[in-house]
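Q: Sharing a structure, written as structure tokens. Questions coming.
The values are calculated or read from the model by the stated rules, or taken from the named source; none is laboratory data. All values reported here derive from a predicted model rather than from experimental measurement. Cβ: placed from backbone, ideal geometry, glycine included. Neighbour counts: every protein chain shown. All accessible areas refer to the heavy atoms of the entire protein, side chains included, with ligands and DNA or RNA removed. Shrake-Rupley method; radii C 1.70, N 1.55, O 1.52, S 1.80 Å.
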Amino acid sequence: MTTTAIRSFCDRKFGMFIHWGLYALPGGRHNGRIMEPIGEWFQSYFRMPNEEYAKFAAKFNPVKFNADEWIRKAAEAGIRYIIFTTKHHDGFCMYDTKVSDYNIVKMTPFGRDPLRELQHACARYGVKLGVYYSHHLDWHEKDGGDPDPSRGLNCNSMHWGNDWDFPNRAEKNFANYFHGKVIPQVTELLTNYGEICELWCDCPMDIKPEFSRELRALVKKLQPDCMINSRIGNDCHDFVGLGDNQLLCNRLQYPVESPGTLNNTWGFKYDDHNWKSTEQIITQLISLTEKNANYLMNVGPTPEGDFTPETDRILAGIADWIRDKKQAIHASDPNPFPLELDFAYCTRKGNTLNLFLKKTPETLTLNGIRTRLLSAGGATFSQKGETITIRLPDFHGAFLPLLTLEFDQEPQIRQDFIPQNGAMVLGMSAGTIREGNTDGAEGEEVIDEAAVAHKLSSHVHLDRDGTVCDWNNTVDAIVWNVEFPEKGSYDVFLATQTRWAQQPWDGKREMEVEWNGQRIVSTLNRDQDFSTSHRRKYESRLGVLNVEAGERGMLILRTLRIGSKEAGALNLASLRLVRK
């Protein structure tokens, strides 16, 4: 993988996932029943035999499909690439494949190749084309992937493989499916549709390394710059894909992509009305952008082939907001400060810093700036030494307004943890994990026996979203080297979250913050709620630290006691200090 391909991937920032297939026709409804989980898993949820499911093809006629309209709307919203589902787990191909007749051209009255039309529309609007291909699971094929039952069920209700048509796992030969369908179809996709910017694999489950390696070798032979996501399995990827609707809490040191839905489902469902607001989507985009991650926003077109009114509303809202801000997003560099800003999301491009303001106080104070500021987007400012003070204009209630700071050269910023505008947001990945010795360590305490067994499971480590997870050893700590230029008192907050929406959040966890002899000890509380429909997230106020002007030292976060398995399972996202 060339550095140019990686840079191009990072520069795109904003993509559109398109989940579209036969499953859109029933839209989550069957014989008076409504499925609760994600709509593209319709066949597995209802355990529908292939013979019956294939009948949907005869009724699938999306006469409202207009590739030019799809891509025009995407381009206006600042989307730079799409990922189209060429084959989902149902095995039905949404392009003109010669490998199998089970496809949209041969089996539907529609009879057209949407991938070809999307290829041409993408070229017209300067949008890159990528493809989703389910390389492991294929319910239409006897030899398709069928993970061991010990893997459990998807969404606690659906089998991963097709065990209703093909119940005998012992008779299945995955190699037959892989070499008979996957390899020739991926060859078609990377040969017949021009440049493919990304191959998006899914659900590798227990796929063997030799299959992941063979697929990667094929991709790199046919299109060396085609990026591959981590769901190819077995570390054969070019970038890390986060979990479904998982966001980054802290910047990481490698390329990342975050796939997210507009409501709860990926494929179209008639009865899912839990739509996110335009502001939520924009916030997710900019939060990921400042952390050098791409946002892959999903749409689920209707069985008629158009977008839902809610999707159109969200896309139009993004287009209105992003119209004069694209230069601060696309091909931008991530937040150059060593910490997240409490008052803004931040990107850098050339000699400019771009601040997407979460808060609009009368004045902003930035510390540690070693470059001369030339202009502040029309705002008045003063600069003294390494401190810049900006008097903000009236943004009239605008959502995430952009303030662009232009310097006389690429801005040089001290990489020390110092307050910015009276606050510090210390990400866990920005700190240093200090592992203790679990053998006979002093001061280890737990509240109940259940926590004892859980506590010793592992040392604290980073999860893929930049949070710390599995922190069940009281001898471990996270440390930041911090400096306070001015005297003051700071409220200290700790953000914690679950990994998924159904995971219980339990505050029976005692935390300690130490600073130059001062100690704050507190259990977790739900003082501020930042939860979404995908995971629970709360911020707990731990107490107050008093600091002297110019005081430096190590800010240390520890876990003192864990009162339950649920409390021990929480991920810790960030420590926030706000001047009182």
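Q: Cβ-Cβ under 8 Å, sequence separation 6+ or interchain: first residue in the stretch 71-86 and closer than 23 Å to Leu22 by Cβ and free of Cβ contacts under 8 Å to residues at least 60 places away in the same chain, partner in a strand (DSSP E or B) and not hydroxyl-bearing (Ser, Thr, Tyr). Which pairs?
A: Here the result reads Ile71/Ile82, each pair linking the stretch 71-86 to a residue that is in a strand (DSSP E or B) and not hydroxyl-bearing (Ser, Thr, Tyr).
Q: Please pick out the residue among Asp448, Asp470, Asp506 that is at pLDDT 90 or above and among the acidic types (Asp, Glu). Steps first, answer last, please.
A: Numbers: Asp448 fails: at pLDDT 90 or above; Asp470 fails: at pLDDT 90 or above.
Residue meeting the stated conditions: Asp506.
Q: Taking Ile82 as the residue in question, decide whether it is outside any helix (DSSP H, G or I), of a type in the set (Val, Ile, Thr) and within 30 Å of Ile286 (Cβ to Cβ). Step through it out loud before you land on a result.
A: Values: outside any helix (DSSP H, G or I): yes; of a type in the set (Val, Ile, Thr): yes; within 30 Å of Ile286 (Cβ to Cβ): yes.
Yes.
Q: List every residue pair whose Cβ atoms sit under 7 Å apart, with the two residues 6 or more apart in sequence or on different chains, where the first one lies in the stretch 493-509 and is farther than 9 Å from Glu566 by Cβ and the second, anywhere, is of a type in the set (Val, Ile, Thr).
A: Gln497/Thr467; Gly507/Thr523; Arg509/Thr523; Arg509/Thr559; Arg509/Ile562
Q: May I pose another question? On the basis of being outside any helix (DSSP H, G or I), aliphatic (A, V, I, L, M) and at pLDDT 95 or above, does Ile207 make the cut? I'd like the intermediate steps shown before the answer.
A: Values: outside any helix (DSSP H, G or I): yes; aliphatic (A, V, I, L, M): yes; at pLDDT 95 or above: yes.
Yes, satisfied.
Q: Go through (1) within 28 Å of the chain's Cα centre (by Cα); (2) closer than 14 Å to Leu570 by Cβ one by one and return the number of the condition Lys508 breaks.
A: Failed condition: (1).
Okay, residues lined up against (1) open to solvent by less than 70 Å² (accessible area, probe 1.4 Å); (2) touching a Lys or Arg at 6+ places or on another chain (Cβ under 8 Å); (3) assigned to a strand (DSSP E or B); (4) closer than 25 Å to Leu366 by Cα:
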{"position": "Ser489", "(1), (2), (3), (4)": "yes, yes, yes, yes"}
{"position": "Trp500", "(1), (2), (3), (4)": "no, yes, no, no"}
{"position": "Pro504", "(1), (2), (3), (4)": "yes, no, no, no"}
{"position": "Ser522", "(1), (2), (3), (4)": "yes, yes, yes, no"}
{"position": "Asn525", "(1), (2), (3), (4)": "yes, yes, no, no"}
{"position": "Leu545", "(1), (2), (3), (4)": "yes, no, yes, yes"}
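Q: Out of the stretch 258-278, which residues are outside any loop (DSSP other than H, G, I, E, B) and in contact with a helix residue (DSSP H, G or I) (Cβ under 8 Å, 6 or more places away or on another chain)? Talk me through it step by step, then tell me what you get.
A: Let us first name the residues in the stretch 258-278 that are outside any loop (DSSP other than H, G, I, E, B), namely 258-260, 278.
Within the stretch 258-278, Ser258, Gly260, Thr278 qualify.
Q: Next question. Out of all the residues in the stretch 211-229, which are buried (at least 20 other Cβ atoms within 10 Å of the Cβ) and of a type outside the set (A, V, I, L, M, F, W, C)? Even if it seems obvious, please write down each step before you answer.
A: Just the residues of the stretch 211-229 that are buried (at least 20 other Cβ atoms within 10 Å of the Cβ), to begin with: 211-212, 215-216, 219, 226-229.
Answer for the stretch 211-229, where residues must be buried (at least 20 other Cβ atoms within 10 Å of the Cβ) and of a type outside the set (A, V, I, L, M, F, W, C): Ser212, Arg216, Asn229.
Q: Shifting gears a bit: Read through the list (1) more than 26 Å from Leu403 (Cα to Cα); (2) among the acidic types (Asp, Glu); (3) touching a Pro at 6+ places or on another chain (Cβ under 8 Å), then give the number of the only condition that Asp271 fails.
A: Unmet for Asp271, out of (1) more than 26 Å from Leu403 (Cα to Cα); (2) among the acidic types (Asp, Glu); (3) touching a Pro at 6+ places or on another chain (Cβ under 8 Å): (3).
Q: Of the numbered conditions (1) open to solvent by 50 Å² or more (accessible area, probe 1.4 Å); (2) touching a Lys or Arg at 6+ places or on another chain (Cβ under 8 Å), Asn168 fails exactly one; give the number of that condition.
A: With respect to (1) open to solvent by 50 Å² or more (accessible area, probe 1.4 Å); (2) touching a Lys or Arg at 6+ places or on another chain (Cβ under 8 Å), Asn168 is out only on (2).
Q: Considering only residues that are touching a His at 6+ places or on another chain (Cβ under 8 Å) and either of a type in the set (A, V, I, L, M) or not in a strand (DSSP E or B) (or both), which ones fall in the stretch 279-300? I'd like the intermediate steps shown before the answer.
A: Applying the first criterion (touching a His at 6+ places or on another chain (Cβ under 8 Å)) to the stretch 279-300 yields 298-300.
Scanning the stretch 279-300 gives Val299, Gly300.
Q: Please give the strands (runs of 3 or more DSSP E) falling wholly within the stretch 312-395 in which 2 or more residues are open to solvent by less than 60 Å² (accessible area, probe 1.4 Å) and within 27 Å of Ala430 (Cα to Cα).
A: 344-349, 352-357, 363-366, 387-391
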